[in-house]
1. Among (1) in contact with a Phe, Trp or Tyr (Cβ under 7 Å, 6 or more places away or on another chain); (2) within 11 Å of the ligand (Cβ to nearest atom), which single condition is Ser111 missing?
2. For Ile95, indicate whether it is in contact with a Lys or Arg (Cβ under 6 Å, 6 or more places away or on another chain) and closer than 29 Å to Val178 by Cα.
3. State whether the residues of the stretch 81-102 include one that is of a type in the set (Gly, Ala, Ser) and either in contact with a strand residue (DSSP E or B) (Cβ under 7 Å, 6 or more places away or on another chain) or at pLDDT 95 or above (or both).
4. Filter the stretch 51-76 for residues that are part of a helix (DSSP H, G or I) and either more than 24 Å from Leu31 (Cα to Cα) or within 18 Å of the chain's Cα centre (by Cα) (or both) and give the result.
5. Inspect the stretch 247-259 for any residue being among the hydroxyl-bearing types (Ser, Thr, Tyr) and more than 15 Å from the ligand (Cβ to nearest atom) and give the result as yes or no.
6. Considering only residues that are farther than 25 Å from Ala280 by Cα, in contact (Cβ under 8 Å) with a residue 24 or more places away in the chain, of a type in the set (D, E, K, R) and more than 16 Å from the ligand (Cβ to nearest atom), which ones fall in the stretch 358-396?
7. Do any residues in the stretch 260-282 that are farther than 23 Å from Pro391 by Cα and basic (Lys, Arg) have Cβ atoms under 7 Å from those of residues that are at pLDDT 95 or above and assigned to a helix (DSSP H, G or I), where the two are at least six apart or on different chains, and which pairs are they?
8. Can you give me the ranges of the helices (runs of 4 or more DSSP H) entirely in the stretch 113-199 with at least 2 residues that are among the charged types (D, E, K, R) and surrounded by fewer than 21 Cβ atoms within 10 Å (Cβ to Cβ)?
Amino acid sequence: MTGDAPVKSILELSAFDPIAKADPHARLKPLRETCPVWRDETTKTWFLSRYADVRGVVNDRTMWRGGERAEIGSFSRLLLDESRLHEPPGERQSILTMDEPDHSRIRTPLSKAFYARVAKSRPKIDRIVSDVLDSVQEKAEFDLIDEVAIPIPIVAIARILGVDDQRLEEFRDWSEGVILGLNPVRTPDETAHMERSQTAMTAYFTELMAARRKSGADDLVSDMVQLQAEGADLSDTEIRTNLLALLVGGNLTTTDLIGNGVRLFLLNPAQKAKLVADPALVPQAVEEILRYEGPVDITGRVLPEDRVVGDCPMKQSQSVMLGLRSANRDPAVFERPDDFDITRKGTPHVSFGGGAHICIGAPLARMEAASFFSTFFQRFPRLRIAEAGEPQWRALPFFRGMERFRVAV
Ligand code: HEM
């Protein structure tokens with residue numbers, strides 16, 4: 001299935017490509033229809049675009065995740081710092097790209113503590129959403145991304161971690177800095193901001209862990225040092241790296257879930273009317289935003305042995321990219337896949353991936369979005385898009401969100 005694919009490289013499926021940036025489905029649909037299991041020789045990677053194939057591989061816990069054992073030169077090795085391969089996995093990477101046994105060793109205590117924190121965070125999240133909306137309430141026009149969708153996840157994770165109030169402004173600046181690491185085409189200024197932020201954030205987490213060891217508080221940093229003291233096999237570096245991963249994985253994605261969702265409702269007034277009339281639809285609406293315009297395009301796995309996937313023979317160590325966005329619009333499983341319909345029921349989307357690596361932040365992202373969409377259109381009932389024309393999509397490959405989104409009250 002490598003022959004006449006309608007694209008030449010998977011980069012043409014990302015926001016690097018002007019057509020995919022404007023509408024990723026203009027590229028994904030023809031690929032799914034003609035070459036659903038496609039080998040991109042330029043990046044030495046398979047790309048799966050049908051729901052059944054994507055779901056099968058993403059849920060398969062025998063697949064490898066990290067790039068160490070992936071074919072040299074393949075896409076899966078991109079996130080790998082080859083110069084640090086001699087270091088133990090926990091010292092050089094987060095759970096995002098880690099394999100067993102280290103992945104479970106770290107993810108199990110982290111998720112236990114994090115899920116318990118998230119479960120009791122709804123009142124906190126509601127307050128954060130309300131405060132952020134208060135800050136724009138009197139404005140005739142504002143940038144929904146910069147003034148609303150960026151601060152909500154940053155403040156939410158700060159509160160869960162236990163960041164001190166006096167450090168919140170700095171924490172926001174560092175959080176915006178560390179996620180610049182997701183952008184491979186940074187300006188020199190952005191790289192400097194990123195490096196400064198990583199150093200500052202690492203120093204701050206070290207300080208916070210020491211403080212919480214002396215005197216515990218009601219926060220995730222205290223939970224993690226407590227679990228370590230009780231015998232969880234976690235080094236200080238592993239705790240710090242994975243707390244940082246919560247920011248890198250969670251901030252921009254949740255920003256985009258909110259931004260993309262508001263835009264979808266403003267473009268679909270009948271759906272907005274349904275949401276406002278029946279707040280019980282909020283959880284389903286959040287799932288439909290995730291399906292229809294999820295923040296993340298792809299995730300990846302590596303073949304642990306020679307296998308046949310989607311009727312194609314694949315080799316051990318080959319890299320496989322899973323087209324989450326394409327799978328979510330596959331007509332084989334979603335009726336009218338290109339309609340945004342918040343009353344939709346049935347097959348779940350794959351926007352959070354699946355299996356052992358399923359997004360650890362999904363409960364928090366869902367909670368923030370549910371809190372937001374429960375009140376937003378009630379508080380801004382006449383909101384409209386302030387700038388005509390196509391939105392300014394961010395040029396970040398394999399993520400989908402807007403650079404800015406001016407709305408008028
Ligand atoms: C709408 C928002 C979000 C989306 C669409 C999203 C999407 C994803 C996806 C696709 C993966 C890879 C899953 C796989 O390979 O099977 C992932 C992993 C991850 N996400 Fe999220 N994410 C979101 C929010 C968050 C939040 C709020 C956090 C943290 C607070 C977070 C932290 C992580 C981490 C740490 C991983 C790695 C998990 C592992 O490999 O074990 N994400 N996310």
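The values are calculated or read from the model by the stated rules, or taken from the named source; none is laboratory data. As the structure is a prediction and not an experimental result, all values here were calculated from the model. Don't worry about glycine lacking a Cβ; one is built from the backbone with ideal geometry, like all the others, and counts go over all protein chains shown.
1. All conditions pass for Ser111, except number (1).
2. Yes: the conditions hold for Ile95.
3. no
4. Across the stretch 51-76, the qualifying residues are Val54, Arg55, Val58, Ser76.
5. There is no residue in the stretch 247-259 that is among the hydroxyl-bearing types (Ser, Thr, Tyr) and more than 15 Å from the ligand (Cβ to nearest atom).
6. Glu390
7. Lys274/Leu281
8. 122-137, 168-178
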